[in-house]
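> One structure coming up, written as structure tokens, with questions to follow.
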Amino acid sequence: MATERDEEDAACLAAWRAGDQAAGQRLFARYYEPVARFFLNKVGDASADLIQRTFLACLESLPRFRGDGTFRSYLFAIAYRQLCQSYRARKGDRIDLTSVSAFALDPSISGLIVEREETQLFLAGLREIPLELQVALELYYWEQCSVAEIATALDVPAGTVKSRLHRARELLRAAIERLAARGDLAERTIDGMETWARAVRERCLREQA
């Protein structure tokens with residue numbers, strides 16, 4: 001079921017295709033922050049270049065967009081491809097992004113600086129799980145994407161998204177337990193994962209305001 005945001009996006013997209021450049025600028029302005037959050041906790045200083053590449057690729061591929069999904073799922077699909085291409089350009093084409101984590105790809109990236117121990121542990125845990133699972137979980141928690149939107153973004157069936165989200169939560173819990181300095185900290189972080197995810201989103205919004 002289309003939301004009010006989806007309908008507004010569709011109207012802007014139609015106007016943009018009809019030649020209204022201001023409509024395209026409104027779409028880009030609306031989704032700059034979500035795309036920036038997408039690259040958060042994954043690529044560090046390289047995020048600015050990938051954000052630019054994502055919007056450029058969106059502009060170039062717009063004539064081929066058939067409207068099968070929402071505009072934001074289409075944009076996140078482009079962002080995911082840009083992320084994968086960036087990693088493969090640096091690490092080699094044979095890298096398996098279905099099993100390797102963002103931490104394994106680049107341990108030096110610290111991501112967002114937060115105060116709460118639970119939020120720090122939550123972010124660190126996300127970087128320890130396979131990249132494709134991290135992406136699915138962050139789209140679900142940070143962007144409140146539906147299963148259908150995540151399926152479009154990752155180019156997989158909806159059933160696969162559901163199984164990935166389930167597996168991602170299991171691996172995230174295990175990573176948090178492994179990384180936690182204390183058992184009570186791990187327990188609080190696991191029990192309040194949605195709270196810490198919301199805190200990260202709100203922190204991103206404040207920093208990007």
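The values are calculated or read from the model by the stated rules, or taken from the named source; none is laboratory data. These numbers were taken from a predicted model, which means no experiment stands behind them. So basically every Cβ, Gly included, is an ideal-geometry build from the backbone, and we count neighbours across all protein chains shown.
> Can you tell me which residue in the range 35-62 is nearest to A104 (Cα to Cα), limited to those that are free of Cβ contacts under 8 Å to residues at least 12 places away in the same chain and of a type in the set (G, A, S)?
Only one residue fits best here, namely S47.
> Given the conditions (1) without any contact (Cβ under 8 Å) to a residue 24 or more places away in the chain; (2) part of a helix (DSSP H, G or I); (3) surrounded by 13 or more Cβ atoms within 10 Å (Cβ to Cβ); (4) of a type in the set (A, V, I, L, M, F, W, C), and given that I95 satisfies all but one, which numbered condition is not satisfied?
Of (1) without any contact (Cβ under 8 Å) to a residue 24 or more places away in the chain; (2) part of a helix (DSSP H, G or I); (3) surrounded by 13 or more Cβ atoms within 10 Å (Cβ to Cβ); (4) of a type in the set (A, V, I, L, M, F, W, C), only one is false for I95: (2).
> Go through the range 45-92 and give me each residue that's β-branched (V, I, T) and part of a helix (DSSP H, G or I).
Residues satisfying the conditions are I51, T54, I78.
> Given the options L133, L126, L121, name the one that is within 14 Å of L40 (Cα to Cα), crowded, with 19+ Cβ neighbours inside 10 Å and either in contact with a Gly (Cβ under 8 Å, 6 or more places away or on another chain) or touching a residue at least 24 places away in the same chain (Cβ under 8 Å) (or both).
From the options L133, L126, L121, the qualifying one is L126.
> Right, here's the next one. When V156 is evaluated against the numbered criteria (1) β-branched (V, I, T); (2) without any contact (Cβ under 8 Å) to a residue 24 or more places away in the chain; (3) farther than 19 Å from L83 by Cα, which criterion, by number, is the only one it fails?
Result: V156 fails condition (3) only.
> OK, next. Is it the case that some residue within the range 140-155 is touching a Phe, Trp or Tyr at 6+ places or on another chain (Cβ under 6 Å), at pLDDT 90 or above and either surrounded by fewer than 17 Cβ atoms within 10 Å (Cβ to Cβ) or part of a helix (DSSP H, G or I) (or both)?
Checking the range 140-155: at least one residue is touching a Phe, Trp or Tyr at 6+ places or on another chain (Cβ under 6 Å), at pLDDT 90 or above and either surrounded by fewer than 17 Cβ atoms within 10 Å (Cβ to Cβ) or part of a helix (DSSP H, G or I) (or both).
> Specify the residue that is modelled with the lowest pLDDT; the eligible residues are those in the range 178-200 that are surrounded by fewer than 16 Cβ atoms within 10 Å (Cβ to Cβ) and outside any loop (DSSP other than H, G, I, E, B).
R198
> Also, quick follow-up: Among the residues of the range 122-141, is there at least one that is hydroxyl-bearing (S, T, Y), in contact with a helix residue (DSSP H, G or I) (Cβ under 9 Å, 6 or more places away or on another chain) and over 28 Å from F71 (Cβ atoms)?
No, the range 122-141 contains no residue that is hydroxyl-bearing (S, T, Y), in contact with a helix residue (DSSP H, G or I) (Cβ under 9 Å, 6 or more places away or on another chain) and over 28 Å from F71 (Cβ atoms).
> Is it true that some residue in the range 157-169 is surrounded by fewer than 22 Cβ atoms within 10 Å (Cβ to Cβ), assigned to a helix (DSSP H, G or I) and among the hydroxyl-bearing types (S, T, Y)?
The answer is yes; a qualifying residue exists.
> In the range 98-113, which residue that is in a loop (DSSP other than H, G, I, E, B) and surrounded by fewer than 16 Cβ atoms within 10 Å (Cβ to Cβ) is modelled with the highest pLDDT?
Checking each candidate, the answer is V100.
> Within the range 1-44, how many residues turn out to be more than 16 Å from the chain's Cα centre (by Cα) and either in a helix (DSSP H, G or I) or surrounded by 12 or more Cβ atoms within 10 Å (Cβ to Cβ) (or both)?
Matching residues across the range 1-44 total 24.
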